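Enquirer: The following block contains the structure, expressed as structure tokens.
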Amino acid sequence: MERNQLTRRIAVASGKEPADTVVKNGRIIDVFNGEIIEGDIAIVDGYFAGIGQYKGKNIVDAKGRYVIPAFIDGHVHIESSLVTPSEFAKVLLPHGVTTVIADPHEIANVLGTAGIQYMLDSSENLPFDIYIMLPSCVPATSFENSGAILKAEDLVPFYQHPRVLGLAEVMNFPSVLNAEDDMLNKISDAKQFGKTVDGHAAGLSGTDLNVYMAAGIRTDHESTTAEEARERLRSGMYLMIREGTVAKDLQNLIPAVNEYNSRKCLFVTDDKHLDDLVIGGSIDHNVRLAINLGISPVTAIQMASINAAECFGLSDKGAIAAGYKADFSLVEELETLKIIHVYKNGKAVVEDGKLVTDCISTHKGGSANLKNSVHFDDILKANFNIPLSTNKANIIEIIPNSLITRHIVEEVDTCNKGFFQPSTSGDQLKLAVIERHHFTRQIGLGIVKGLGLKHGAIATTIAHDSHNLIIAGTNDDDMVLAANTIKEMQGGLVVIKGGQILASLELPIAGLMSDRPYREVYSSLNNLHIALEQLEANDYFNPFLTLSFLALPVIPELKLTDKGLFKVSTFEHINISTV
């Protein structure tokens, strides 16, 4: 802070000079004491200068509304919204979110350090704070082909950036347990720079959690049960309570939150599709849901603001108090949390629920070197042949609204040549992952149950975390068309039925994000959902986002990579046939 700014802030705080803005007649949420207080709020140079009795050049009449700190998303992959950082900001600001802690490991798995740099560059000079945690596991495991490999030395230069806060979710637990050199270097580098290290403790407990804590990993967003949540809190971790598009864990975790441990809990979305963000909201949705499940409104607001700020060492965020950034919202009744106005650095960015049109300039698309990332030979029907030596097969079973899958064994249909035949009556569909980065010609094949398609095929280049092309279908012809359509689009999502393209969305930036304004992307997503109805897809969950996680080999129980069917508990590939 410059000396003259400090001098002015002190003068305003003491009442010697008028504030830039004074907010009057508001009921202020005190996140430190869990109380609701009253008083004038003085703002100068984008910071709160004090609460009391103040005069200002600009007066904001809160009209009895609640004044709450702006929300912070403690862990999010912006790429999952399918839009660029500036468009993402436009979507979240009306929901009272002004800060996110982003992990760009999606784009990093495709483009390496160039992807990280793009996320930093494209999020500059926004009325919205995007902090970055550096991807720790690119690729997530050695059991798949990704677009890049990031070693510890590749990450070190980024720690000098003021918006880089640490090392993102360490999902390769075996590399920590076995004290592998590169992983230990990544963790120790982060610590030497005074940064935070995020965890990814899916399915871990007991001694395994001790290993994470001993390694200096202090957060986890993979809890799915209240007991897992309590164990993480007991170990001293911050509990990240996730409510995304696929992983909806909040209802299961909230029973673990109490008056003693709530200050170690924060909200995250992790992966949330654009349409869900526009309609349902972001962290504001988490807050409303927590309140509906019995958490007091003030506690829920704490979890969405000051807790997240303290977790990541953001010492001037998350509260309405002197010396803190003037990021706040005016809301109606706390239970419904209707957000009326949002302020970033003391300036209105949302008025009457709508984004101030000139607060963010035009969207920033990716440059040419971020595009043209989908590379594979034209696909033929023979590429999808699954030979079976028995009529029983290892199958991936979807658990609705969960990243976890079940490993089941069922009888399947085969043709007279011994190849698997999809069964819509048995909900057994073909699944394929096609390597799309290096022309390796690797195609992993499997069987999935629970997607519910009765016709056609769906495909996407969003396939966590290596983001190869993943396809599910009821027949080979439509799967072939889906694959070749994606290649022609250079990334995106597509719905196919009967040899026809029903709907598509081009994602040319790394095959992950659109270079179009979010409203256009939202419209295309609606068209995809309408098309999915023609396939009679399961409507209990988002089929595309669910599909995208079936390739993630660090989440139990059974997944598919471009190298084949993968059993997470044993960290090995297995045959589709049971014998």
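We did not get these values from a lab; they are worked out from the coordinates using the rules stated. What you are looking at is a predicted structure, and each value in this text was computed from that prediction instead of being measured. All Cβ positions, even for glycine, are placed from backbone atoms using ideal geometry, and neighbour counts span all protein chains on display.
Enquirer: Mind putting a number on the dipole of the chain about its Cα centre? Charges go on the C-beta only, +1 for Lys and Arg and -1 for Asp and Glu, and I need it in Debye to the nearest 20.
Expert: 840 debye
Enquirer: For segment 379-495, taking Cα atoms only, what is the radius of gyration to one decimal and the Dmax to the nearest whole Å?
Expert: 13.8, 38
Enquirer: Report the Cα centroid-to-centroid distance between segment 354-431 and segment 57-78 in angstrom, as an integer.
Expert: 40 Å
Enquirer: Which one, V23, L6, G52, projects farthest toward the positive side of the charge dipole computed for segment 3-64 from Cβ point charges (K/R +1, D/E -1)?
Expert: L6
Enquirer: Can I ask one more? Suppose only helical runs count, i.e. DSSP H with n ≥ 4. What mean residue ellipticity at 222 nm does that imply for the chain under -39500 (n - 2.57) per run, divided by all residues and rounded to the nearest 500 deg cm²/dmol?
Expert: Computed mean residue ellipticity for the chain: -7000 deg cm²/dmol.
Enquirer: Something else about it: Hey, which of these cross-link pairs are over 28 Å Cα-Cα: K248/K381; K264/K347; K264/K354; K264/K449; K317/K559; K63/K90?
Expert: Those over the limit are K248/K381; K264/K347; K264/K354; K264/K449; K317/K559.
Enquirer: Reported to two decimal places, what Rg/Rh ratio describes segment 251-380 when computed on Cα atoms with Rh from the Kirkwood expression?
Expert: 1.08
Enquirer: What translational diffusion coefficient, to the nearest whole µm²/s, does segment 437-489 have by Stokes-Einstein, given a Kirkwood radius computed over alpha-carbon pairs, a temperature of 37 °C and 0.692 mPa s viscosity?
Expert: 275 µm²/s
Enquirer: Now, a different point. For segment 3-64, which semi-axes, largest first and in whole Å, follow from the square roots of 5 times the eigenvalues of its Cα gyration tensor?
Expert: 21, 14, 9
Enquirer: Same structure again: Expressed in nm to one decimal, what extension gain is obtained for the pair N4 and K63 from 0.36 nm per residue of sequence separation less their Cα-Cα distance?
Expert: Contour length minus the Cα-Cα distance gives 17.9 nm.
Enquirer: In debye, nearest 20, what is the charge dipole magnitude of segment 22-121 about its Cα centre with +1 on Lys and Arg Cβ and -1 on Asp and Glu Cβ, if you could check?
Expert: For segment 22-121, the charge dipole is close to 540 debye.
Enquirer: With +1 assigned to the C-beta of every Lys and Arg and -1 to the C-beta of every Asp and Glu, and no other charges, what is the dipole magnitude of segment 370-573 about the Cα centre in debye, to the nearest 20?
Expert: So the magnitude is around 240 debye.
Enquirer: With no solvent and one point per C-alpha, what does the Debye sum give as log10 I(q)/I(0) for segment 398-447 at q = 0.13, 0.25 Å⁻¹?
Expert: -0.46, -1.05
Enquirer: Now a separate question. Would you work out if segment 256-318 is rounded, prolate or oblate? Take a ≥ b ≥ c from the square roots of the eigenvalues of the alpha-carbon gyration tensor; rounded if a/c is under 1.5, else prolate when a/b is larger than b/c, oblate otherwise.
Expert: Oblate shape, in that a/c is at least 1.5 and b/c is the bigger or equal ratio.
Enquirer: Choose one of Y238, A140, G203: the residue whose Cα lies farthest towards the positive end of the charge dipole of segment 114-268 (beta-carbon charges +1 Lys, Arg; -1 Asp, Glu; about the Cα centre).
Expert: Final value for the positive-end residue is Y238.
Enquirer: State log₁₀ I(q)/I(0) for segment 370-573 at q = 0.16 Å⁻¹ as given by the Debye formula over alpha-carbon point scatterers of equal weight, solvent excluded.
Expert: -1.00
Enquirer: From largest to smallest, what semi-axes in whole angstrom does segment 1-147 give when each is the square root of 5 times an eigenvalue of its alpha carbon gyration tensor?
Expert: 40, 17, 13
Enquirer: Averaged over every viewing direction, what's the projected area of the C-alpha convex hull for the chain? Give it in nm², one decimal, please.
Expert: Projected over every direction and averaged, the Cα hull of the chain covers 25.2 nm².
Enquirer: Turning to a different aspect of this structure: At what distance in angstrom do the alpha carbon centres of segment 16-35 and segment 482-534 lie from each other?
Expert: Spelled out, the Cα-based centre of one part sits 46 Å from the other.
Enquirer: Any chance you could list the semi-axes, whole Å, largest first, of the equivalent ellipsoid that the Cα gyration tensor gives for segment 530-579, using √(5λ)?
Expert: 27, 12, 9
Enquirer: Which parts of segment 150-165 would a label at S188 reach, counting a residue when its backbone N lies under 15 Å from a point 7 Å out along Cα-to-Cβ?
Expert: 152-153, 156
Enquirer: Let me ask another. Using the beta-carbon distance between E180 and R441 and R0 = 35 Å, what value does 1/(1 + (r/R0)^6) give for FRET efficiency, to the nearest 0.05?
Expert: Once the sixth-power term is evaluated, E becomes 0.75.
Enquirer: Efficiency by 1/(1 + (r/R0)^6): what FRET value for N416 and N526, r their Cβ-Cβ distance, R0 = 51 Å, to the nearest 0.05?
Expert: 0.75
Enquirer: Here's something else I'd like to know. What percent does the relative contact order of the chain come to when contacts are Cα pairs within less than 8 Å and at least six residues apart?
Expert: Averaging sequence separation for qualifying contacts and normalising by length gives 15 percent for the chain.
Enquirer: In nanometres, what is the gap between the two model label sites at S14 and S296, each 7 Å from Cα along Cα-to-Cβ?
Expert: 3.7 nm
Enquirer: Using the Cα centre of segment 328-448 as origin and beta-carbon charges of +1 (Lys, Arg) and -1 (Asp, Glu), tell me which of V342, V412, H437 is placed farthest towards the positive end of the dipole.
Expert: So the residue we want is H437.
Enquirer: Next question, about the same structure. Which whole-number percent is the relative contact order of segment 100-199 (Cα, under 8 Å, 6+ apart)?
Expert: Answer for segment 100-199 is 27 percent.
Enquirer: Could you give me D for segment 69-318, from Stokes-Einstein at 4 °C and 1.567 mPa s, where the hydrodynamic radius is the Kirkwood radius over C-alpha pairs? Units µm² s⁻¹, please.
Expert: Diffusion coefficient, whole number: 72 µm²/s.
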